[in-house]
Amino acid sequence: MIGRLHHVVLDCPAPRDLASFYSELLGLPVTYTSDDWVVVARNDTTSGLAFQLAPDHRPPAWPDPAAPQQVHLDVMVDDIAAAVPRVLALGATRLAETVFADPAGHPFCLIPRPGWAPPVGDQSSPPGGSRS
């Protein structure tokens, strides 16, 4: 192993706003905030999602290859039908049946929880579950 994932970083025009969106979507707290960098993670000693100020950010236009998606997240849920109205209420935009854009235009997909992962609402397990 050469390294370990620290953060997945998303450029955006408003880091605090986008971090708030993902904090609510994933049930994780905002653990660090500065003027141009905000982190959402399990706690302040774990990796997570980081949001970096990019004043000239141009959102992707999924599925248009002229403005590629750049990065996307798969978010596992126990019940897609129940999750859809909740992500829309947070400010997401629906792009396709299970594909959405966050408030800064980054695409993300809602996926059914794989059988190896504990229920999403199970707070006793680490985020993402375990494959053992």
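Just so you know, all these numbers are worked out from the coordinates, no wet-lab data involved. Because the structure is predicted, anything quoted here is derived from the model rather than measured. Don't worry about glycine lacking a Cβ; one is built from the backbone with ideal geometry, like all the others, and counts go over all protein chains shown.
Worth a mention:
- Three-way shape call for segment 1-46 based on the alpha-carbon gyration tensor, with the a/c threshold at 1.5: prolate
- Shape of segment 35-106, Cα gyration tensor, a/c cut at 1.5: oblate
- Amide H within-cut-off set for A61, under 5 Å, with H built and near neighbours excluded: A67
- Packing-based exposure ordering (other Cβ within 10 Å, fewest first) of W62, W116: W116, W62
- For segment 3-93, a simple Cβ point-charge model (Lys and Arg +1, Asp and Glu -1, everything else neutral) yields a dipole of about 120 debye relative to the Cα centre.
- Over the chain: helical MRE at 222 nm, DSSP H runs n ≥ 4 each giving -39500 (n - 2.57), nearest 500: -5500 deg cm²/dmol
- In this simple spin-label approximation, W37 and V99 carry label points 7 Å from Cα along the Cα→Cβ vector, and these lie 3.2 nm apart.
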